[in-house]
1. Just for region 57-71: of the residues that are more than 16 Å from the chain's Cα centre (by Cα) and at pLDDT below 95, which one is least open to solvent (accessible area, probe 1.4 Å)?
2. Only one of these is touching a Gly at 6+ places or on another chain (Cβ under 8 Å), modelled with pLDDT of 95 or more, charged (D, E, K, R) and open to solvent by less than 80 Å² (accessible area, probe 1.4 Å): ASP35, ASP12, ASP82. Name it.
3. Look through region 99-143, keep the residues that are among the polar types (S, T, N, Q) and open to solvent by less than 30 Å² (accessible area, probe 1.4 Å), and return whichever of them is nearest to the chain's Cα centre (by Cα).
4. Got a sec? Which of ARG25, ARG41, ARG53, ARG20 is of a type outside the set (Asp, Glu) and touching a residue at least 60 places away in the same chain (Cβ under 8 Å)?
5. Within region 82-94, which residues are under 12 Å from TRP3 (Cβ atoms) and free of Cβ contacts under 8 Å to residues at least 40 places away in the same chain?
6. Are any residues in region 38-56 in a helix (DSSP H, G or I), of a type outside the set (Ser, Thr, Tyr) and open to solvent by 50 Å² or more (accessible area, probe 1.4 Å), and if so, which ones?
7. Among the residues of region 97-115, which ones are assigned to a helix (DSSP H, G or I) and closer than 21 Å to PHE137 by Cβ?
8. Got a sec? Which of ALA93, ALA84 is over 19 Å from ASP27 (Cβ atoms) and either among the hydroxyl-bearing types (Ser, Thr, Tyr) or assigned to a helix (DSSP H, G or I) (or both)?
Amino acid sequence: MEWTLRPSAPADATWIAELRAVVLRDDLTRLGRYDEVRVRRRFLDSFVAEATRVIVVDGADAGSIAVRSDDDVQWIEHFYLDPALQGRGIGGAVLERVLSDARGQTFRLNVLQGSPALQLYLRAGFVLDSEDPVDMFLTRPAR
């Protein structure tokens, strides 16, 4: 399986919002937080095409990852991959590319409590900073 990253465009917002709803549904339902409208609206309200890259697998759009600067920290956001492609090493490879593209930066992200994605982030060197009943906030110090 071959993958690349391409810049996103405003037209990508709708399908990424749909992918987000699919990817987060189980975890949000388990946490008692799934709302059909809100899960899409939260993405659409915060989507910034210039900060987002589309994950393309074997020529087809399959996911997204965004990096947002906030002072001295780079926030990884909107990291979604088609569930049919998860568990094949693509997510780890994409994350490593994004982290290596910004060497010397501190990265932060949040992940839903109980999400299997937590293991991906821990393998990439992220550590737990804080948590609440819904989210875990992780940091990967500058290297």
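1. Checking each candidate, the answer is ASP70.
2. Working: ASP35 fails: touching a Gly at 6+ places or on another chain (Cβ under 8 Å); ASP12 fails: touching a Gly at 6+ places or on another chain (Cβ under 8 Å).
When all the criteria are applied, what remains is ASP82.
3. Initially, region 99-143 is screened for residues among the polar types (S, T, N, Q), giving 100, 105-106, 110, 113, 115, 119, 130, 139.
With open to solvent by less than 30 Å² (accessible area, probe 1.4 Å) added as a condition, the list becomes 115, 139.
Details: SER115: 12, THR139: 14 Å.
Restricting to residues being among the polar types (S, T, N, Q) and open to solvent by less than 30 Å² (accessible area, probe 1.4 Å), the top hit is SER115.
4. Details: ARG25 fails: touching a residue at least 60 places away in the same chain (Cβ under 8 Å); ARG41 fails: touching a residue at least 60 places away in the same chain (Cβ under 8 Å); ARG53 fails: touching a residue at least 60 places away in the same chain (Cβ under 8 Å).
Criteria check complete, one pass: ARG20.
5. Passing the criteria: GLY89, GLY91, GLY92.
6. Of the residues in region 38-56, the ones in a helix (DSSP H, G or I) are 38-46, 49-51.
This time we only want the ones that are of a type outside the set (Ser, Thr, Tyr), so: 38-45, 49-51.
Hits for region 38-56 are ARG38, ARG40, ARG41, ARG42, LEU44, ASP45, GLU50.
7. Going residue by residue through region 97-115, those that are assigned to a helix (DSSP H, G or I) are 97-101.
Result: VAL98, LEU99.
8. Step by step, each of ALA93, ALA84 is checked, and only ALA93 is over 19 Å from ASP27 (Cβ atoms) and either among the hydroxyl-bearing types (Ser, Thr, Tyr) or assigned to a helix (DSSP H, G or I) (or both).
The values are calculated or read from the model by the stated rules, or taken from the named source; none is laboratory data. Here the structure is a predicted model, which is why all the values come from computation and not from measurement. Virtual Cβ from ideal backbone geometry, glycine too; neighbours counted across all protein chains shown. Just the protein is used for accessible areas: all its heavy atoms, side chains included, with ligands, DNA and RNA removed. Shrake-Rupley method; radii C 1.70, N 1.55, O 1.52, S 1.80 Å.
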